[in-house]
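I have placed the structure first, in the form of structure tokens, so that the comments after it can refer back to it.
The values are calculated or read from the model by the stated rules, or taken from the named source; none is laboratory data. Bear in mind the structure is a predicted one, so any value in this text is a computation, not a measurement. Counting neighbours? That spans all protein chains shown, and the Cβs are built from the backbone with ideal geometry, glycine included. These area figures cover heavy atoms from the full protein model, side chains too; ligands, DNA and RNA do not enter into them. Shrake-Rupley method; radii C 1.70, N 1.55, O 1.52, S 1.80 Å.
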Amino acid sequence: MNFLRFKQAVAVSALLWALPASALHIMLDPGHGGVDTGAVHGPAKEADLVLKVAQRVKALLEKDTQFKVTLTRHHDKNVTLPARVKMAEEAKADLFVSLHANAASDQRAKGVEFFFQNNLPPDEESLFLASQENQMILNSKELHSISGGDELSKKGDVAAIVEDLHRQNRLMSSLRLTQTLTSVWGADQNAAHATIKQAPFYVISKTTMPSVLIEIGFLTNPKEAKRLLTSDYQNDLAQKIYSALLSYKEKMDNHTAKTLD
Ligand SMILES: [Zn+2]
């Protein structure tokens, strides 16, 4: 990357990171609702469970002035996927967090899964996944070099540079968020096993802000379903999500401070 391009990248990157430095606006998205019940197994209904957890996360975020929180639904009602995305875009939310519960044909399947969408073209995705396997935290320069930045710089087009940086910022932030979530889960010995996965779910593919989709557990696993139905466990999940958001915000604020140094 040439020097001018580097300077532009640093300036825009600082701006992108600095923007949400006030209150971080979280769009919390309890999946399904109304006629769309999501997965149902015995007394466990996905739409109800994720709404309960979302309301608990909302209560924690509302007590903290570092956050602003909006829910895509407050009741048991159907909201279309495009409407959820539109809500987040119109509110200019900083993060989109979608909550779901899993179901599998094998009732032994258990644990929490965090999904993020990288939006990279397939050839870049393999590179990205490879670096993921090596537990590397990519810095913006490395990400730039794997996401076609040098191609764009030939165009010398400011709009393309901004779009490129926005895409990198979204990817890095989504990755940071999922990593923060797994480390919160990993720090608790009694917590369910947590994994990071990638899938093109609509809400995390279409939103332009960093996003994560959390599958809070398997309703098809009798032991996990029983636990998910208790308010203690719902509170525990909410507390973990809140802790991860808090730690994510701290990391972002530190990053901003360093970039502007
Ligand atoms: Zn779902």
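Odds and ends about this structure:
- Approximating the spin labels as points 7 Å out from Cα along Cα→Cβ, the V158-to-S22 distance works out to 2.5 nm.
- Extension gain from K63 to S231, taking 0.36 nm per residue of separation minus the Cα-Cα distance: 58.5 nm
- Per residue, the solvent-accessible area of region 204-261 (1.4 Å probe, heavy atoms of protein chains only, all protein chains present) comes to 44 Å².
- Note on Y233: accessible area is roughly 20 Å² with a 1.4 Å probe, heavy atoms of protein only.
- Amide proton proximity set for S98, modelled H, under 5 Å, gap of 5+: D29, V212, L213, I214
- Potential extension, A83-T70 segment - 0.36 nm per residue separation minus Cα distance: 3.3 nm
- 28 Å Cα-Cα threshold exceeded, pairs from K92/K240; K206/K258; K92/K197: K206/K258
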